[in-house]
Amino acid sequence: MVQGWSILRWGAIAMLGASVVGGALMALDRHHAMARTRETMHLLDLLGPPPASTDAAGTSAQASVDPIANGHSDVALSIRVGLVSRTPILAIQASPTTTCRLENGSPIAVSQLLHGREESTRSSRFCRGGAMRINGLSYEGTMEFVWRNNDWFAVNEIKLEHYVASVVGAEMPSSWHGEALKAQAVAARSYAVTHLARPARSNYHLGDTTRWQVYSGTSSLSESSLRATRETQHMVLSFQGGIVESLYAANQAISEEAHRHLGASMSQEGAQHLATQGMGFDVILGRYYQGATLAHLRRDGQ
């Protein structure tokens, strides 16, 4: 059984200072059926019950996000990313297994994807089944090409966890401490999930630049970014039943300048410093998002 919860008003929270979003992902239904996987067609009740607070050894004197409860149901969310950084599209390559089709289901060759600028031939086209390379960066998942601002624009639909791993690798050096990378993974995932409920545009949830958070496809993946994502799988920051839009910036100065009016924001350099001092990712997150708890994404009723 699917349960929806009301959308909380986007705005500053006095205690936390970051925006919080709740609700089932009804925005996913706005996208073309051909571009969606079966998983994204289901409404989800995202948050599991918040875990009970415990006194973690070594952290009782420090601000800490509540610890995660063991065990969770598998979630297969997808996210649609507008490849703003790849515009204009100058070069496209595809793996041999990639197949592309027009919106009506007719096949189209990769070499013809950017053809058809007349109004009668501007229907969206979709590619799946293999990797694609656009302006030098490689992407997995489904690629949709839509007509936007008098040119073709690429939208990449990808599994949420794969997206998070790419963001971690693009936003933090892979050589940084694992606990800092895990804090980044949770922050990136929480930020992304809020945009599932509140998409940037009608045909994608968020872009791939610093205006949102940097996403570079498979090029930014590393063993350390994959590990950080895997070890925090499905974890998000929650506040009063909603999901926190966890803002962050390179350092404290930029964080305060860019996000002071919104409140809570993580310094990435600060997270690295705290990690090298022996703090776990949950304690690091607690320093920056005070009042938040960690929660698991889950399918409703499981």
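The values are calculated or read from the model by the stated rules, or taken from the named source; none is laboratory data. Predicted model only: the values in this text are computed from it and were never measured. Here the Cβ is made from the backbone with ideal geometry for all residues, glycine too, and neighbour counts use every protein chain on show.
What single numbered condition from (1) crowded, with 23+ Cβ neighbours inside 10 Å; (2) without any contact (Cβ under 8 Å) to a residue 24 or more places away in the chain fails to hold for TRP212?
Unmet for TRP212, out of (1) crowded, with 23+ Cβ neighbours inside 10 Å; (2) without any contact (Cβ under 8 Å) to a residue 24 or more places away in the chain: (1).
Give me the residue from the range 151-199 that is of a type in the set (Phe, Trp, Tyr) and assigned to a helix (DSSP H, G or I) and, out of that set, nearest to GLU118 (Cα to Cα).
Quick first cut of the range 151-199, residues of a type in the set (Phe, Trp, Tyr) only: 152-153, 163, 176, 191.
So of that shortlist, the ones also assigned to a helix (DSSP H, G or I) come out as 163, 191.
Working: TYR163: 33, TYR191: 37 Å.
Among those that are of a type in the set (Phe, Trp, Tyr) and assigned to a helix (DSSP H, G or I), it is TYR163.
Among the candidates SER202, SER190, SER124, SER166, single out the residue that is touching a residue at least 12 places away in the same chain (Cβ under 8 Å) and farther than 21 Å from LEU77 by Cα. I'd like the intermediate steps shown before the answer.
Details: SER202 fails: farther than 21 Å from LEU77 by Cα; SER190 fails: farther than 21 Å from LEU77 by Cα; SER166 fails: farther than 21 Å from LEU77 by Cα.
Answer to the selection: SER124.
Looking at the range 135-142, is at least one residue part of a loop (DSSP other than H, G, I, E, B), surrounded by 16 or more Cβ atoms within 10 Å (Cβ to Cβ) and touching a strand residue (DSSP E or B) at 6+ places or on another chain (Cβ under 6 Å)?
First, the residues of the range 135-142 that are part of a loop (DSSP other than H, G, I, E, B): 135-136, 140-141.
Still in the list and also surrounded by 16 or more Cβ atoms within 10 Å (Cβ to Cβ): 140-141.
Still in the running and touching a strand residue (DSSP E or B) at 6+ places or on another chain (Cβ under 6 Å): 141.
Yes - at least one qualifying residue is present in the range 135-142.
For the range 191-218, name all the residues that are modelled with pLDDT of 95 or more and of a type in the set (Gly, Ala, Ser).
ALA192, GLY207, SER216, GLY217
Regarding GLY178, is this residue surrounded by fewer than 24 Cβ atoms within 10 Å (Cβ to Cβ), under 24 Å from SER123 (Cα atoms) and of a type outside the set (Phe, Trp, Tyr)?
On the way: surrounded by fewer than 24 Cβ atoms within 10 Å (Cβ to Cβ): yes; under 24 Å from SER123 (Cα atoms): no; of a type outside the set (Phe, Trp, Tyr): yes.
For GLY178, the condition - surrounded by fewer than 24 Cβ atoms within 10 Å (Cβ to Cβ), under 24 Å from SER123 (Cα atoms) and of a type outside the set (Phe, Trp, Tyr) - is not met.
Just to verify a result, which residue in the range 117-129, among those that are modelled with pLDDT under 95 and part of a loop (DSSP other than H, G, I, E, B), is nearest to ARG189 (Cα to Cα)?
This residue is SER124.
Starting from residues that are under 20 Å from SER222 (Cα atoms) and more than 8 Å from the chain's Cα centre (by Cα), keep the ones in the range 181-207 and report whichever is surrounded by the most Cβ atoms within 10 Å (Cβ to Cβ).
ALA183
Kindly indicate whether any position in the range 220-230 is under 25 Å from PRO199 (Cα atoms), at pLDDT below 90 and assigned to a loop (DSSP other than H, G, I, E, B).
No; the residues of the range 220-230 include none that is under 25 Å from PRO199 (Cα atoms), at pLDDT below 90 and assigned to a loop (DSSP other than H, G, I, E, B).
Yes or no, residue by residue, for (1) touching a helix residue (DSSP H, G or I) at 6+ places or on another chain (Cβ under 9 Å); (2) charged (D, E, K, R); (3) under 30 Å from VAL236 (Cβ atoms):
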{"residue": "GLU103", "(1), (2), (3)": "yes, yes, no"}
{"residue": "PRO107", "(1), (2), (3)": "no, no, no"}
{"residue": "GLN112", "(1), (2), (3)": "no, no, no"}
{"residue": "GLY116", "(1), (2), (3)": "no, no, no"}
{"residue": "ARG122", "(1), (2), (3)": "no, yes, no"}
{"residue": "PHE126", "(1), (2), (3)": "yes, no, yes"}
{"residue": "GLU140", "(1), (2), (3)": "yes, yes, yes"}
{"residue": "ILE158", "(1), (2), (3)": "yes, no, yes"}
{"residue": "HIS162", "(1), (2), (3)": "yes, no, yes"}
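Counting just the residues of the range 231-246 that are over 12 Å from the mean Cα position of the chain (by Cα), modelled with pLDDT of 85 or more and in a loop (DSSP other than H, G, I, E, B), which one comes out surrounded by the fewest Cβ atoms within 10 Å (Cβ to Cβ)?
Among residues in the range 231-246 that are over 12 Å from the mean Cα position of the chain (by Cα), modelled with pLDDT of 85 or more and in a loop (DSSP other than H, G, I, E, B), the one surrounded by the fewest Cβ atoms within 10 Å (Cβ to Cβ) is GLN233.
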